[in-house]
Amino acid sequence: MDQVQRPLPQPTRITQPYWDAARDHRLVIQECACCKARQFYPREFCTACLSEDVGWIECGGRGTVYTYTVNRRASNAALAGNVPYVVASIDLDEGVRMMANIVDCPPEAVRIGSRVRVRFERVSDGITLPQFTLEA
């Protein structure tokens with residue numbers, strides 16, 4: 001039987017710097033050079049002032065769980081061995097919200113307001129996923 005492949009992100013011209021940083025175990029977000037607004041997910045322009053002068057800044061990789069869900073049914077056959085798993089919206093200390101898995105802990109340990117830190121999971125030659133784990 002063929003092994004089912006995990007669905008992976010497909011980097012674009014706009015998102016490639018994010019994926020390159022993740023491969024190097026760095027978490028980055030965009031910051032506008034004009035108004036200093038920060039944003040995630042990556043875009044071609046600033047969502048606050050519409051400037052196209054957006055760059056990348058490195059994050060500390062820490063944040064707080066805004067909300068989460070525990071998936072008890074895999075969304076894909078390739079993830080069946082991972083259930084149950086946590087998908088969370090995380091407020092990074094740098095002021096943006098991103099979605100990621102919370103790993104390396106029982107799902108029951110996750111709470112809204114939990115502090116988390118980034119860790120990276122290499123899933124292919126080209127893709128390393130930022131994941132989060134609970135801070136001790």
Query raised in the report: Does any residue of the stretch 47-55 turn out to be within 16 Å of the chain's Cα centre (by Cα) and within 26 Å of Ala33 (Cβ to Cβ)?
Result: no
**Report entry** Pairs with Cβ under 9 Å, 6+ apart, first in the stretch 55-72 and of a type in the set (Lys, Arg) and at pLDDT 95 or above, second assigned to a strand (DSSP E or B) and exposed (fewer than 12 other Cβ atoms within 10 Å of the Cβ)
**Finding:** none
Report summary line: Only unsatisfied item for Pro130, checking (1) surrounded by 14 or more Cβ atoms within 10 Å (Cβ to Cβ); (2) of a type outside the set (S, T, N, Q); (3) over 20 Å from Trp56 (Cα atoms), is (3)
Query raised in the report: Would you pick out the residues in the stretch 69-92 that are exposed (fewer than 15 other Cβ atoms within 10 Å of the Cβ) and either hydroxyl-bearing (Ser, Thr, Tyr) or within 11 Å of the chain's Cα centre (by Cα) (or both)?
Result: Thr69, Ser75, Val87
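Criterion first (touching a strand residue (DSSP E or B) at 6+ places or on another chain (Cβ under 6 Å) and either loosely packed, with under 13 Cβ neighbours inside 10 Å or closer than 23 Å to Gln5 by Cβ (or both)) does Val54 satisfy it? Walk me through it before giving the result.
Working: touching a strand residue (DSSP E or B) at 6+ places or on another chain (Cβ under 6 Å): yes; either loosely packed, with under 13 Cβ neighbours inside 10 Å or closer than 23 Å to Gln5 by Cβ (or both): no.
Against the criterion (touching a strand residue (DSSP E or B) at 6+ places or on another chain (Cβ under 6 Å) and either loosely packed, with under 13 Cβ neighbours inside 10 Å or closer than 23 Å to Gln5 by Cβ (or both)), Val54 does not qualify.
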Report summary line: In the stretch 1-38, anything more than 28 Å from Leu79 (Cα to Cα) and assigned to a loop (DSSP other than H, G, I, E, B) is listed as Ala33, Cys34, Cys35, Lys36, Ala37
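Which one of these is open to solvent by less than 30 Å² (accessible area, probe 1.4 Å) and on the phi > 0 side of the Ramachandran plot: Gly95, Gly61?
None of the others qualify; the one that does is Gly61.
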Query raised in the report: When the residues of the stretch 1-38 are filtered to those that are under 13 Å from the mean Cα position of the chain (by Cα) and farther than 17 Å from Ser124 by Cβ, which remaining residue is most open to solvent (accessible area, probe 1.4 Å)?
Result: Arg26
Query raised in the report: Scanning for something more than 25 Å from Pro11 (Cβ to Cβ) and out of contact with any Gly (no Cβ under 7 Å at 6 or more places or on another chain), does the stretch 87-97 turn up at least one residue?
Result: no
Requested in this report: Can you give me the number of residues within the stretch 75-93 that are in contact (Cβ under 8 Å) with a residue 40 or more places away in the chain and farther than 18 Å from Pro130 by Cα?
Outcome: 3
Report task. Output yes when any residue across the stretch 115-125 is under 17 Å from His25 (Cα atoms), of a type in the set (S, T, N, Q) and out of contact with any strand residue (DSSP E or B) (no Cβ under 6 Å at 6 or more places or on another chain), and no when none is. Result -> yes
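The values are calculated or read from the model by the stated rules, or taken from the named source; none is laboratory data. Since this is a predicted model, take the numbers as computed values, not measurements. Cβ coordinates were reconstructed from backbone atoms using ideal geometry, including for glycine residues, and neighbour counts include every protein chain displayed. Areas reflect the complete protein model, heavy atoms only, side chains present, ligands, DNA and RNA absent. Shrake-Rupley method; radii C 1.70, N 1.55, O 1.52, S 1.80 Å.
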